[in-house]
Structures are given as structure tokens and as C-alpha cells.
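Structure first, commentary second.
The values are calculated or read from the model by the stated rules, or taken from the named source; none is laboratory data. All of these numbers come straight from a predicted model, not from anything done at the bench. Positions of Cβ are backbone-derived with ideal geometry, glycine not excepted, and every protein chain shown enters the neighbour counts.
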Amino acid sequence: MSAFKTPNKKHSGDFKIAKGVVVCSEAELFGDITIGGGTVVHPSAHILAQGGPIVIGERNLIQEQVTIINSKREDGSTPTMVIGNGNIFEVGAHCGSLSVGDGNTFEAKSRVSERVKVTDRCSVGAGCSLDSQETLPTGTVLHGRECHRYTKKIPTQNNNQQQLDYLIKVLPNYHRLTKSTAPASTATPNT
Amino acid sequence: MALSLHYLKRVLYSCSCSQPAPLTDLYFCRHCKVARCQDCVSITVDTYFCPHCFETVPVSEAKNRKNRCNHCFQCPRCSSTLTTRSIIVPSEVLAEQSPKKTESPSSKSPSLARSPGGTKSYYLSCTHCKWSTRDVGIKDKRSPIDFKDPLSPHQERVSQLVSFYKEFSMRDQAEREKAKKVGRRGRSYGGLLDTSKFVKGASSDSPKQLRRASLQGTWNKSVVNKVATQSTDCPDQIPDGFYSGEPELKKIATLQQRLLDPAHQPARVEQFTPRPLHLIGKKLLRCKGCDHILLKAEINPSSIRFKIQQIALHTFPQIRILKPPSLVAGAPCEVLLSVSNPVNHVVSISFQQLEPSFTKGGKVSLAPVSLPKGSYQLSPNDDMGDLLDDSEEELEGEKEFIHSRLLGKLVLKFNVAPEEGTTGEVKFGFVLSFDYKSTMELEKQESSCIVPAPVVVDLGKLTHSDD
Amino acid sequence: MSTRRLAFSHHDKGSIVIEIGRMYTKVGLSGEPAPRHVIRSRVEMKPYGALQDVWDPKYLHREELYLILSRFLQNIYLKYLMVPSKDYRVLVVEPLLSPSHFRNTLARALFNHFSVPHVAFMPSPLLGTFSLGRQTALVVDIGWLETTVIPLYEGVPIMSAWQSTSCAAKTVHNTVMECLIETGAITDTHTQEQNPAGTLGLKELIQGSLEDIIVSTCAVRSMDCDRTPPEVSFPLSQQYTLCLPGPARDACAEGLFEEGEGDLSLPSAVLESLLKCPCDCRRDLSENVLVLGGIASLPGLNYRLKQELERLAGDKNERFSAKLGALQFKFHQPPAHPSTAAWLGGSIFGTSEVAVLERAVSKEKFREMNQRLPDWTSCDPEQHEQLRPVPTRKLLPAAPSSLYKSTTKTQSAH
């Protein structure tokens, strides 16, 4: 149960939110964050750029209780965390990976640590936790309690456009939104 | 009271076959007037239904479909249920348009859907492990129920063998019947009476051949050999790929995945096919003694109610340990047990000592216990009781052993004296006799009888033992 | 030809064919090319107990076996087969020498608890030949704990040539396990540390995945092979990956071909059995070898067995060469996976109502016999009389063959 967050309290830092992005003000944004167009950030999501900037691409769906965190590093380095386009972060997902490609799905309550590099069109299953130093090849699917994995030859396309359109239309009716900083760059991040 | 729920499994009632079981696992046959456990009932499948689409399947259809659902399929990779997805293929253009991923409920109206844009084609995909029929190259089907189980590759050969052996045994049987009729030393005059030889073309076997066949007692070897397999000089060797490259483990099926489909036992992931979902049966329980029905569920698969539910929980007074007492070896300890009334009329109970035979010749050691004497009456378990004016009628019971009374419950004091040197759990037992009033519809009269219920209570280990 | 109307000529539902193996149980209906389900031979003993092995040696000779078997069969009837037990006769595919207590308890459970009308017990090697359409074969049944070799000639098992050895699937498992503990390495994916497999105390984890490891990565090398397969990384769990060294992969079945102390190797057992057969039968038998059992599906096993047999038979230093030196060995491929070939034979046999009922015990008969099945090894003629009405027949559970008159001749081996 998330405590009721008063609006405007949780945002601190330097954001560059493009036009057409829906960011609920109940989401927690911290640090240097760039969010590309068409992305929707649900309330009670946490995007924490503690140890460096976070660049999120276009048409991503970041649902409730998602944590995207660029943790503080002991050695003082501030690497940029780059998340591509068209990703889905389902409820409760935790992503610490510094490099996420396009079209991935992070299912509910999945955890990806910072040592993992995620490429394109991967699917991290519900509850799966990934903590090893590796790069997931394109189209990898993880599922099950044991995190069985296999690579799909023809990775499934992540088609969340319908859902994004609907949310962009309906969310503003029910939530206060953080205004976009329009003149700032709407640059799509490097993937 | 909440604590007592933890100890439910510590109070074991004895079934008619002397098997101990918690009250929740017992059934009560009101004709035999005894408790029945899982092993004293005969269980059969009553109705068949699919666990995914909740379609009730009649018995004959279930047999034809080999107890599998027509519409629902199981993922060969992770055994979860597959969802049917449809895309619209335009009839004019061969290439796919932008796919509309609509989840069509796989049970209803599976007929061919024609929309103005084109025809719908279906494929199956797993939401858990993202496997889909497209991964193994199965073409999208026109209707969701077309994903049938492929026949076993050995089907033809097996059918050939089956028909051969069936005929073989029929002939064998017929010959032996003949031999029995005729007797070992008797002469067969059947040939004289056989007029078929005078009819042209009637019988293909001449009497001479028949006689030879009956002497040999078997068919010609040539017939038999037609069915026999030929052995090979060169059994299969290890495939070359074994030594050349590292096996792609992700492409090899695990044993569990293979056994999901015993007919094919696919060794590789590319050979996976969606399996039709296995049906579930609602059980029908019958008493073994009198064959009356003890448990019958409602036919509607989504309903969890029962048409007939003769469970012991509704008949026997339930005994619960209020809280575990501190047990000391050699000293008597007071144990509080609550007895609750399952019905909405007054029930009288009494306690007797367990027979020595119950201890199974010393295998189960029960601590000596002093039981409450006399008979007690339990107040009805009536929801209205609270709301009524307190017209408290005097309920029978020795005050000395009664700790307290609650609605429908009675808390009694038992005195247990664990023996010196008791290792393990301290258990004690008694027979709870209660009067059971049954209203049988046929008799249209109330008949009551005393039903004895042996109970064994497990109190746990000794808390303190003097060394 | 007059065919008398048989008493049971109603539409036959078929038989339930069940093979309760040491590890896996195959169950299904007769007439089908494969069992409907292949499940582990164990049952959850509700309401308290854990998974109970049906063949648990602790209860194998005790009264508790009745409860275990009842629960196990209950599970099969209600969850897998979903047919009323009263309506279907049962054909049990059992090993040739099955413990009497197990057979009797199984029969008791089927008759008393499930009211099955008829139960027939048939030996698995014999049924294996049904899947080939042959009546002559040398059946090598590689089970979990032991391998039995029995020659069948014209439908009659030559019992004096029965041979058994403990070189079986368990040997293969033990060999692989030892190899892994000694030479394997486990990588912790979190820390990227690699340790020898024996040190981390993960034996149980490896044991749990051993079956999968063998099925996915192992094979049986041929005698003249000089190549080594590459090593494999096998994920044991999310955290640990096992590195399987190459030599372990194709040396897994070496244990089957080594003579133990007082125990024959697999090829020796086959040859010993042939030696005990009448010399006229030997050629027919050696050219029709049928290998049953799940482990027979390991790639290269049959080929290696053939090589070993030929080497051993031809070796002048061994005892076999004089009588068996000239033999050729040919193998059969049944139309089923080797683990279900015996079941398939039962399925084929079970379609014939006449044949099964002839060899079956009915509920009433069982009661008359004091709830004890007659053992075919029993010398009590009365027991046999009670079972079979036809006086001329010897009680050997054989295929429908009328060559019984020649039984006595073939049985006098040596």
C-alpha cells in the first residue's frame, strides 16, 4: 500500500520531459532525467537518477511501483543509464541495468541488476531476478521461478501503442501531471 | 480461539477402518451411521469439465476426445494454458496487415470469422513463457480448434499389429473351442456333415487344409512373418553433431517436456506441439458399506457447492484444544478442550475410555486420562441464539468438569498424567459418544442413535521433564 | 469354419494397460500407440505425508503397501484415466520376477478397493515382442536397478536361460555423478567464481538435475571412438551453472560394460543367457535382440552393445567363443520409444478381450484363492487348475500360440 503522496513533493532535480509525455505528479522523479515523447509514467513509479543521469526513450510504459534506478557508485563515476524505445515496465519491476534496448518487457516484480545489459525485444518474466554479469542476447525470454531462459528466433513485437494512446487520453482526467519542459531537448537517446 | 485453529490436525477421529484422520477429512454415512475416511469411500468421476474454459463435457465426448478439451491447449514448454490470438488476414493482400492482437475467448463461437477486411486466422501463444505455435512453424489456422494433436508416427504400424493379433486370438479361441467340443481322442465327424464342399466357391479352405491347420494349430508361418519387424545389422550410432559442436541446451527438450507428450516424446524444441488441455473431473463419493452417495458436487463447473454433502464436520461435535498445556511427566495436567455443536438442536454427549485394543498392541502409547463423568448437553449452534431473550434453559452437565459455556460450545476440563519417561508427543484418547438425530426422507420420522467416535488428542512434547 | 458365438461379444471397451516401473509408470488404454500418461511412480500421501515412492523398499513387504498402492491407483483413475474402475479390465505389465507381495497387494487393491472385474498380469519381456509382431526375440530389459535378459522362443520364455545383472540405469547415473563430482566445476553466476563440483555441497542439486543432464547431453561412445565431445555448461539453477567436462558425456555408460565383483556386465549377461539356451535357438535369438528400457534411448547404446557382444563372443580367451563365436547380433527397433515398448505390447495384447480374459483372474476367483495370486513358479498343481479351465495347457504366460505341445522340448535347456 503506497502512502498518499502529496503532489509536487517528490520531484527534485533536473528533468527534461518532452512534449506528449504523461508523467503523473505522484511519481517520484529524482535527479537528471530525460524522458522521450509518447512515454507514460504512472503514479508511484520511481525514477531515481542518484548515481548519474537517466535517459528514457520514446513510447515506453512505466507502470506503478516500478523502480528505475541509477545507483550511487562508490568510485564516484556517474554513468548514464540509457533506456530505449517501446519498452514496457510492468507493475513492481525493478531495473538497475545501465543499458536497455528497444521493445523489451519487464514483467511484474522482475528485478534486473546493474550488471546486466539488456538488448532488444527481451522479456524478463514475472518475478524473475537477474543478477549476473552478462548481456542478454536479442529475443531472450526468461520465465518461471527458476528463471529458465531461451532465445526466440523471431522475437515477439512489443505492441503497446494502443495502451499508450488510451492512457495518454485518460490519465490526465484522473491524475495531476507534471508539466513537460517543452523547450528542452526531445532528443531520442542513443540505443 | 484463533490459536486453536493451529491445533486442528492434532485432534484425530477414528474412521470405521481405525485409520486416524482429522475431522475435516472424514465423511459420515447416515445409513451406516459411521465415519468414513478417504480410503473407505469409492470415488468415481462424476462430471468432466475443462479447467480453463469451464465447459462441461459429457461422458461419451470425453471418452472420444481422450479426456482432453477441444478448445484449450497447453504450452509444451511450461505447461501453462495457451491463449488464442487472432489476426486479420486481408483476403486481397497476401502480406499481413498490422496485427490486431485481440484475445478471443477460446471457448465461445470458434467459427470462421469473416470481417470486411479479411478472414481471421488464429495462432496460440503462451503468456508465461512467450512460446507460440509460430515458433515451431505451425501455420495459423482458420479456426481455433484446428490445432489438433498430430497422430503418432507409429499409428499405422500399431493398428496393423492390433488387427493381426485380434484375428490371431479369435482363431486360436475358435480352435480351442472346437478341440474342447471334440475332446482329445474323439473323432471329428463334422467334416461329413459339412455340405459346404458341395457348394461351388463357398469355402476357400479345402477340408485338407483345415485339417492341416488344426494339426499345426496355427497359421502359416508366412502370414505371421508378414507382420514381424526385421532386425537391423546396424543400430543407430551417435550422430556426428555430438562431437563437433557444443549442444544447444536451450534447443533440447527436458525429460519433463518430453513426457508431456508420450506418443512423440519430442527431443528438440522445434518438435514441440501444443497439447490439448486435460479435463478435470468432479468427484462422486460413495460409502463402501451401503453404496449411498456421500458427496456430490453441483454440475456447474464454476460452482463450488455440493448437491449432497455428508461430511463429518456437519455431524460430529468438533473437539479443539484451546491452548497447549504445559505438560510435566508424572504430574496430572489440566487440559481444556472445547466441544462444539454442529447442529441447531441440543445434542448430548458423554465420554468413555478407549478400548485397549485401540492402542494397537502398544504401538500407540496413550497417557492415562481422567475424563469428565456423566453426560453433557451442548447448546444448539443457532445464529439466532444471540438475538433471542435469555431464556436460558438448564443444560445438563457436571459443573465440576465444565470450564465455560459459549454459544454452541462447551469447554471441558480433562486431566492428563503423562507417564514418566515419555519421549515424543503426549497423546491421550477417549470415545466421544453423541446422539445423532437423523431425518431420513423415506422414513419421515426422526430416529436417533448413539454414535461413538474414538478420538486421539496430541498435546505435543513435554514442556518440562525431571531428569 | 464355424466360429461359436462367444459369451462376451458386447462392444468391448478395451483394457486399461498399466506398467508400474521403478521410476516411471506408464498408463493408458489398450489399442493406442502410446501410453496416455507417463508419470513418476510416487504418490502424495495426504493429509500429512510427503511424496511416497511406490517401490519404497521400506514398505515393499509390509501391509502399508496396500494403502500406498490404493492411493497411487486412485490418483491414476481419477486424475489421469478418468474412467470408472468397475467397467474396465486391467492388464498389468510387470517384470518377470516381481515380488509376490507387491503382486498380491496390487491385485487386492484393484479387486477390493476399485472393484475391477478382471486383472491380468503379463510379463514385460513377452509383451515387448508383441510390439515387434514376433514370437522369437532375445529381450534385454534395462530397468533402474537391474537388467534382465530373457530369451523368448516361439512365444515361450526359456526360463532356465534367464539372466540378471545389476548393470542398469542406476549404474549410468552413478557413473555420471562420480565424474561430475571429480572433474566437473560449478560456476556461481553472481560472483563468477568457479569451484570444483564436489566442494560446494551442492550434491543434491546436481542429483536432482542428473536425469536431465544425461538425457540432454550424454551418449554412449562406440568402442573405436577416439574423439572427445566438447564440454557443456548446464544451468542447475538461477545461481549455479555446472560445467560438464567432455569425457563425462560419452563415458556415462561405461559402467554397463565392466564386470563387477560377482556381477556380470551387460554383454556378459546376454551371452550367458544365450549359452544356456538350446543350441538350435541361439542363432534365431541373437539375430533378434530387443532392448527395452528408458536408458536404451541413449544415442549409441545399441551400437556399442552390438560391438561389445561381438568382441566378447569372438574373444578366444573368454568362455563364450566356442559356442557363440559364429553368432551375428541384430537389433530391433520397436515402433515406440524404448521406455514404452513393453507398454505398447500390452496395449496391443489388451485389445483382444478373449486373450486377456483367458489369462486374467476375476474378482470371484481371487476371493476363492484366499486373495493370493498363483505364482507361475509355484509347483502346486491345484493352484494352476483353479486358474485355467483347459487341462492341457501349461501355466506359462505366453502369447496366443498353439505350440504348447513343444513346450517341454524347448524348455529342457543345455
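Of the numbered criteria (1) under 40 Å from the mean Cα position of the chain (by Cα); (2) modelled with pLDDT under 85, the one B:Glu246 fails is (1).
Residues in region C:33-61 that are more than 12 Å from every other protein chain (Cβ to nearest Cβ), in a loop (DSSP other than H, G, I, E, B) and in contact (Cβ under 8 Å) with a residue 12 or more places away in the chain: how many? Matching residues across region C:33-61 total 6.
Every residue in region B:265-288 that is assigned to a loop (DSSP other than H, G, I, E, B), on the phi < 0 side of the Ramachandran plot and facing chain C (nearest Cβ under 8 Å), please. I'd like the intermediate steps shown before the answer.
Of the residues in region B:265-288, the ones assigned to a loop (DSSP other than H, G, I, E, B) are B:265-267, B:272-274, B:279, B:288.
Still in the list and also on the phi < 0 side of the Ramachandran plot: B:266-267, B:272-274, B:279, B:288.
Correct list: B:Leu279 only.
For the condition among the basic types (Lys, Arg) and either touching a Ser or Thr at 6+ places or on another chain (Cβ under 7 Å) or closer than 26 Å to B:Asn67 by Cα (or both), C:Lys58 does not qualify.
Count of region C:37-84 residues, restricted to those that are surrounded by 17 or more Cβ atoms within 10 Å (Cβ to Cβ) and closer than 13 Å to C:Leu106 by Cα, is 12.
Looking for whichever is within 14 Å of chain C (Cβ to nearest Cβ) and touching a Cys at 6+ places or on another chain (Cβ under 7 Å) here; the options are A:Thr140, A:Thr135. Which one fits?
Details: A:Thr135 fails: touching a Cys at 6+ places or on another chain (Cβ under 7 Å).
Only one candidate qualifies: A:Thr140.
For region A:116-132, filtering for residues that are within 14 Å of chain C (Cβ to nearest Cβ) and either among the charged types (D, E, K, R) or closer than 21 Å to B:Val269 by Cβ (or both) leaves 4. One residue stands out in region A:143-183 among those that are more than 14 Å from chain C (Cβ to nearest Cβ), under 30 Å from C:Tyr240 (Cβ atoms) and out of contact with any strand residue (DSSP E or B) (no Cβ under 7 Å at 6 or more places or on another chain): the one that is surrounded by the fewest Cβ atoms within 10 Å (Cβ to Cβ), namely A:Lys153. If you go through region B:328-342 one residue at a time, do you hit one that is modelled with pLDDT of 90 or more, part of a strand (DSSP E or B) and among the β-branched types (Val, Ile, Thr)? Yes, region B:328-342 contains a residue that is modelled with pLDDT of 90 or more, part of a strand (DSSP E or B) and among the β-branched types (Val, Ile, Thr).
Just one of the numbered conditions (1) modelled with pLDDT under 90; (2) out of contact with any Cys (no Cβ under 7 Å at 6 or more places or on another chain) is not true of B:Asp39: (2). Residues in region C:123-138 that are within 13 Å of chain B (Cβ to nearest Cβ) and either basic (Lys, Arg) or in a strand (DSSP E or B) (or both): C:Arg134, C:Ala137, C:Leu138. Would you confirm whether or not region C:246-254 contains a residue that is within 10 Å of chain B (Cβ to nearest Cβ), small (Gly, Ala, Ser) and touching a residue at least 60 places away in the same chain (Cβ under 8 Å)? No, that holds for no residue. Of the residues C:Val90, C:Val116, the single one that is assigned to a strand (DSSP E or B) and more than 15 Å from the chain's Cα centre (by Cα) is C:Val90. Identify the single condition in (1) closer than 30 Å to A:His143 by Cβ; (2) in contact with a Phe, Trp or Tyr (Cβ under 9 Å, 6 or more places away or on another chain); (3) not charged (D, E, K, R); (4) not in a loop (DSSP other than H, G, I, E, B) that B:Ser302 does not satisfy, given that it satisfies every other one. All conditions pass for B:Ser302, except number (4).
Looking at region C:144-197, which of the residues that are under 17 Å from C:Leu290 (Cβ atoms) and over 15 Å from the mean Cα position of the chain (by Cα) is surrounded by the most Cβ atoms within 10 Å (Cβ to Cβ)? Here the residue is C:Leu152.
If we only count helices (runs of 4 or more DSSP H) wholly inside region C:292-382, which ones have 2 or more residues that are surrounded by 19 or more Cβ atoms within 10 Å (Cβ to Cβ)? Full working, then the answer.
Details: elements: C:301-314, C:321-324, C:341-350, C:353-359, C:363-368.
Fully inside region C:292-382 and qualifying: C:301-314, C:341-350, C:353-359.
Looking only at residues in region C:108-122 that are closer than 27 Å to B:Cys40 by Cβ and surrounded by 23 or more Cβ atoms within 10 Å (Cβ to Cβ), the one that is farthest from the other protein chains (Cβ to nearest Cβ) is C:Val119.
Regarding A:Lys179, is this residue at pLDDT below 85, closer than 21 Å to A:Ile33 by Cα and either under 13 Å from the mean Cα position of the chain (by Cα) or of a type outside the set (Asp, Glu) (or both)? For A:Lys179, the condition - at pLDDT below 85, closer than 21 Å to A:Ile33 by Cα and either under 13 Å from the mean Cα position of the chain (by Cα) or of a type outside the set (Asp, Glu) (or both) - is met. Here the strands (runs of 3 or more DSSP E) wholly within region A:1-96 that include at least 1 residues being modelled with pLDDT under 90 and not aliphatic (A, V, I, L, M) are A:15-17, A:28-35, A:46-56.
Taking the criterion of being more than 14 Å from every other protein chain (Cβ to nearest Cβ) and either buried (at least 17 other Cβ atoms within 10 Å of the Cβ) or touching a residue at least 24 places away in the same chain (Cβ under 8 Å) (or both), the residues of region C:204-215 that qualify are C:Ile206, C:Gln207. Cβ-Cβ distance below 9 Å, separation of 6 or more or different chains: which pairs start in region C:338-366 with a residue that is closer than 15 Å to B:Pro262 by Cβ and end on one that is basic (Lys, Arg) and not in a helix (DSSP H, G or I)? So the pair list comes out as C:Ser339/C:Lys26; C:Thr340/C:Lys26; C:Ala342/C:Lys26; C:Trp343/C:Lys26; C:Gly346/C:Lys26.
Among residues of region B:80-94 being modelled with pLDDT under 90 and not β-branched (Val, Ile, Thr), the one that is nearest to B:Gln256 (Cα to Cα) is B:Arg85. Only one of the numbered conditions (1) in contact (Cβ under 8 Å) with a residue 12 or more places away in the chain; (2) more than 23 Å from the chain's Cα centre (by Cα); (3) within 14 Å of chain B (Cβ to nearest Cβ) is not met by C:Leu285, and that is (2).
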